[in-house]
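For reference, the structure is listed below as structure tokens.
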Amino acid sequence: MAADAGDRSKSVIDLSESVARCGRSTRRGDPRVPGRVVVEHDASERLRRTFAAIDEANRGDPNRIDVRGRMCPREIAHASLACDRVRALEANPSDALLLAARAHHLRRWKIPRRDYPEGRSGYLRWRKALQAFHAEEAGAILRREGWDEATIERVGAIIRKRNAGRDPEVQVFEDALCLTFLETQLAAFVDSQPEERAESVLRKTVRKMSPRARRMALGLPLPPAAREIVRSESSAIGG
């Protein structure tokens, strides 16, 4: 379901407040993180324009999913939801963090899993190739929209999850992606996998999340068995 031509700045599904809150922003540099610009109020016009460009690039996704009762291109849904999660997790998210969330699955359908060997080794190669692809595609769009190289480099670093476990923004990014997976993909994944494997993946997902994100996960419409696993795993790791 595509957006009207006159409404390109909005996602096809009205899930994100990121567009509704767009306008002129008060922005300041953050010397602690190269390329980081803190958005103190609403998103900038350039950020909104770049979101629209990313969404337009994802509009060709042949895959459709049902999210909150609406069918839409899968990667537009994932991008919008990930941005929503970033805003829920971080009061003043940087432009780079928001852009990374919006572009984290940019044109993902171009590199299908079937192009890589079965098994963990093939899976890891596929994931690494995807991260590089998403970072490069995002960088090309950001350059066209006039972003500086420091921001482009920072967006790429977040998408590639560099310094995971040490970089607070990468953790927020990971949390947002995990929450998006739990809301939009978990049920179908559980139905398609042996019970033991599905439980293992869910537990690994929970372990990657921060305590706050794990608490947010319990507020999602999860299947009862999955909710109990999230609850028990959270208790086991202390949060």
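Miscellaneous remarks
- Filtered by the rule that a residue be over 17 Å from Ala135 (Cβ atoms) and touching an Asp or Glu at 6+ places or on another chain (Cβ under 6 Å), the range 56-91 gives Asp61, Pro73, Arg74, Ile76, Leu89.
- Here the range 65-101 is the region considered, the condition is being free of Cβ contacts under 8 Å to residues at least 60 places away in the same chain and not in a helix (DSSP H, G or I), and the residue that is nearest to Ala140 (Cα to Cα) is Asn92.
- Qualifying residue in the range 5-28 (condition: crowded, with 21+ Cβ neighbours inside 10 Å, at pLDDT 95 or above and under 15 Å from the mean Cα position of the chain (by Cα)): no
- Test set (1) buried (at least 19 other Cβ atoms within 10 Å of the Cβ); (2) within 19 Å of Leu97 (Cβ to Cβ); (3) modelled with pLDDT of 95 or more - Arg36 fails condition number: (3)
- Residues that are touching a Pro at 6+ places or on another chain (Cβ under 9 Å) and more than 18 Å from Phe173 (Cα to Cα), drawn from the range 140-159: Ala150
- Boolean, Glu137 is out of contact with any Pro (no Cβ under 9 Å at 6 or more places or on another chain), acidic (Asp, Glu) and surrounded by fewer than 24 Cβ atoms within 10 Å (Cβ to Cβ): yes
- Number of residues in the range 187-239 that are in contact with a strand residue (DSSP E or B) (Cβ under 9 Å, 6 or more places away or on another chain) and under 25 Å from Arg166 (Cβ atoms): the value is 0.
- Top-ranked residue of the range 176-211 - restricted to ones that are within 16 Å of Asp84 (Cβ to Cβ) and of a type in the set (Val, Ile, Thr), ranked as modelled with the lowest pLDDT: Thr184
- Test: residue in the range 164-173 that is closer than 25 Å to Arg108 by Cα, among the acidic types (Asp, Glu), under 16 Å from the mean Cα position of the chain (by Cα) and in the same structural domain as Leu47 (by TED's automatic domain parsing): yes
The values are calculated or read from the model by the stated rules, or taken from the named source; none is laboratory data. Since we're looking at a predicted model, the values are computed, not measured. Cβ atoms come from the backbone with ideal geometry, glycine included; neighbour counts cover every protein chain shown.
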